[in-house]
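Report on one structure; see the data block that follows.
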Amino acid sequence: MSDVIKAVVFDVGRVIVQWDMRLLFEKLIEDPQELDWFLGNVVTEEWHMQHDAGRPIADMIAERIELYPAYSAQIEAYGARFLETIPDRVPGTVELIERLDARGWPLFAITNFGTDFWAQYRPTEPVFERFGDIVVSGHEKTIKPGREIFDLAQQRFGLPAGNMFFIDDNAANIAAAREFGWQVHLFAGAAQLESDLAARGLL
């Protein structure tokens with residue numbers, strides 16, 4: 001029998017808010033093939049993950065411009081215009097958070113998010129006022145799906161893994177959390193999450 005759930009823990013990107021690097025760079029690179037090449041080789045999600053893991057974005061940008069000087073303006077734009085990669089909330093998730101909060105469930109988050117970009121984004125999203133604590137990978141210099149960030153979250157949130165219900169869109173993160181003893185949900189939309197929350201007696 002599963003442990004009793006005592007808190008709900010959310011991922012942020014692609015669970016609470018949409019994130020798509022293409023939305024910024026399609027404004028800066030007109031040719032679709034060139035845009036695909038740029039996103040596959042220059043400013044990639046894999047490269048971005050260095051910021052999530054704790055590297056300052058300014059250092060990353062300077063280093064990338066040395067490698068791709070022809071794209072210096074576009075690379076610099078990523079640091080200055082990051083918020084343009086976050087077009088809106090994921091439909092329905094914030095409403096579920098509000099319902100959970102109204103029922104008194106403790107809410108937390110674990111997010112792979114760089115410190116510099118978190119400083120830009122966090123003030124734009126009031127729903128985080130409902131969260132007791134948020135573990136931000138860039139602050140801690142450790143990222144999902146590594147065990148260290150999950151262990152840190154247990155310490156910060158004050159609950160054993162088995163008493164927390166973790167929601168993430170990344171299958172590797174969910175597999176890791178399950179291995180570490182968390183109760184989990186692989187996010188594929190608010191409707192499925194709502195059904196799972198209801199089935200577990202959380203809504």
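Quick note: the coordinates plus some simple rules give every number you see, no bench work behind them. What you see is a predicted model, and the numbers here were worked out from it, not measured in a lab. FYI the Cβ positions are ideal-geometry reconstructions off the backbone, even for glycines, and counts take in every protein chain you see.
Structure notes:
- By average C-beta atoms within 10 angstrom, highest first, the peptides 126-138, 104-116: 104-116, 126-138
- Using a Gaussian network model of the chain in which every pair of alpha carbons under 10 angstrom is joined by a spring, one finds that among Phe165, Phe157, Phe180 the greatest mean-square fluctuation is at Phe180.
- The residues neighbouring Arg89, those whose beta-carbon lies less than 10 Å from its own, together hold a net charge of -3 under the Lys/Arg +1, Asp/Glu -1 convention.
- Segments 74-86, 3-15 sorted - mean Cβ within 10 Å per residue, highest first: 3-15, 74-86
- Karplus 3J(HN,Hα) series, Hz, for the range 91-107 with 6.51 cos²θ - 1.76 cosθ + 1.60 (x for Gly, Pro): x, x, 5, 4, 4, 5, 4, 5, 5, 4, 4, 4, 8, x, 6, x, 10
- DSSP beta bridge pairing in the chain, given as percent antiparallel to the nearest 5: 5
- Once C-alpha pairs closer than 8 Å and six or more residues apart are averaged by separation and normalised to the residue number of the chain, the relative contact order reads 30 percent.
- Computed FRET value (nearest 0.05) for Leu67 with Ala191, which takes r as the C-beta separation and R₀ as 45 Å: 0.60
- Whole-angstrom gap from the range 108-183 to the range 37-89, using each part's C-alpha centre: 23
- Peptide ranges 89-99, 27-37 listed from the most packed, as the mean C-beta count within 10 angstrom indicates: 89-99, 27-37
- Prolate/oblate/rounded call for the range 144-203, Cα gyration tensor, a/c under 1.5 rounded: oblate
- Summed side-chain charge close to Pro69 - residues other than Pro69 whose Cβ falls under 14 Å, Lys, Arg +1, Asp, Glu -1: -2
- The percentage of C-alpha pairs in the chain whose separation is greater than 30 Å is 25%.
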